[in-house]
Amino acid sequence: MPTTKATTDRIEGENAVLLTTAAAVRLPLALLPNNIKEGDVVNIIINLDGEKTAADKAIAKEMLNEILKNETA
């Protein structure tokens, strides 16, 4: 599972701006530890959700089929 570290650059309202070596990332505070503050380093773990991907593809396919069906009617 890919991971990266990010440093909390600043808190802006309900969001935190985290800095990685590649980018700045804005995340809702609700997704971060309750006591996060500027300067804190967090680990970010990234993984795929295969079930959600498959479900979204199925919905998109159904929508496209419905559109194509209506165009030929």
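Structure summary
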| read-out | value |
| --- | --- |
| Matching strands (runs of 3 or more DSSP E) fully within region 1-68 where at least 2 residues are modelled with pLDDT under 95 | 3-12, 41-45 |
| Test for I46: is it within 21 Å of the chain's Cα centre (by Cα), within 18 Å of T4 (Cα to Cα) and among the hydrophobic types (A, V, I, L, M, F, W, C) | yes |
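The values are calculated or read from the model by the stated rules, or taken from the named source; none is laboratory data. Not measured: the values here are computed from a predicted model.
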